[in-house]
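Structure record follows, encoded as structure tokens.
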Amino acid sequence: MESAVLEQQERETDEVRIAMSKETFLNWSPDDGFLYEYDNGFAEQTTGMKRRERYIISNIQNKFDTTQAHEQRAMLFEESDVWVTDSQKRIPDMAFFTREQIADTSETEPIPAFVVELISPSDKADKIERKVIEYFSAGIQIIWHVFPALQMVRVFTSVKTSITHFETDVFDAGSAIPDLSMTVNELFAR
């Protein structure tokens, strides 16, 4: 029994990368239940948000619904494609798009000002850090790393600057959404 659990844990942390062109990726429709990001010639398997984490997204969305950005018809999209470069697609758990970005029909991919990533124990540190660099290089202004297992939030305002929050600490979305703030306890309230 113990070896079966260890094998399952190893499978969950193994990174699945499939070599393919961007054109093939854009026309590909996998039906295996996974989401796929794209990184310079490779489709990278990701599990996406877990059902047990939906309450966190709901709490963020409820706070967002009280903001001026929401009144102006901006949106927080769940698991939306974000092309950080022409050859890199990421799927943050939440991404903020203004009304103008949503209405834009040009070929240019919009870059959200704010993203949320739910970090699970199986996420690899180097991939987490690489995404922070990619997001800021693309023009994203603020990132929330939410750690459900630790009941903690780390807010990045640059590649070099982050603050970690616990319990009654208040954190916010900075200039991306000036009136979006909450405590860690509010974020994890069930």
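Here are a few things to note about the model shown:
- Pairs with Cβ under 7 Å, 6+ apart, first in region 85-101 and farther than 16 Å from F34 by Cβ, second small (G, A, S) and not in a loop (DSSP other than H, G, I, E, B): T85/A138; F96/A176
- Just so you know, in region 27-78 the residues that are charged (D, E, K, R) and assigned to a helix (DSSP H, G or I) include one that is surrounded by the fewest Cβ atoms within 10 Å (Cβ to Cβ), and it is R51.
- Given (1) over 12 Å from the mean Cα position of the chain (by Cα); (2) among the acidic types (D, E); (3) buried (at least 17 other Cβ atoms within 10 Å of the Cβ), index of the condition E117 fails: (1)
- From the list D172, D179, the one residue that fits, being of a type in the set (D, E) and within 23 Å of V82 (Cα to Cα), is D172.
- Pairs linking a residue in region 122-135 that is closer than 22 Å to D86 by Cβ to a residue that is at pLDDT below 95, with Cβ atoms under 9 Å and 6 or more positions apart or on different chains, are K127/E15.
- Remark: H165 falls outside the filter, which requires a residue to be assigned to a strand (DSSP E or B), surrounded by 12 or more Cβ atoms within 10 Å (Cβ to Cβ) and either outside the structural domain of Q68 (by TED's automatic domain parsing) or within 13 Å of the chain's Cα centre (by Cα) (or both).
The values are calculated or read from the model by the stated rules, or taken from the named source; none is laboratory data. Everything quoted here is computed from the prediction, not taken from an experiment. Don't worry about glycine lacking a Cβ; one is built from the backbone with ideal geometry, like all the others, and counts go over all protein chains shown.
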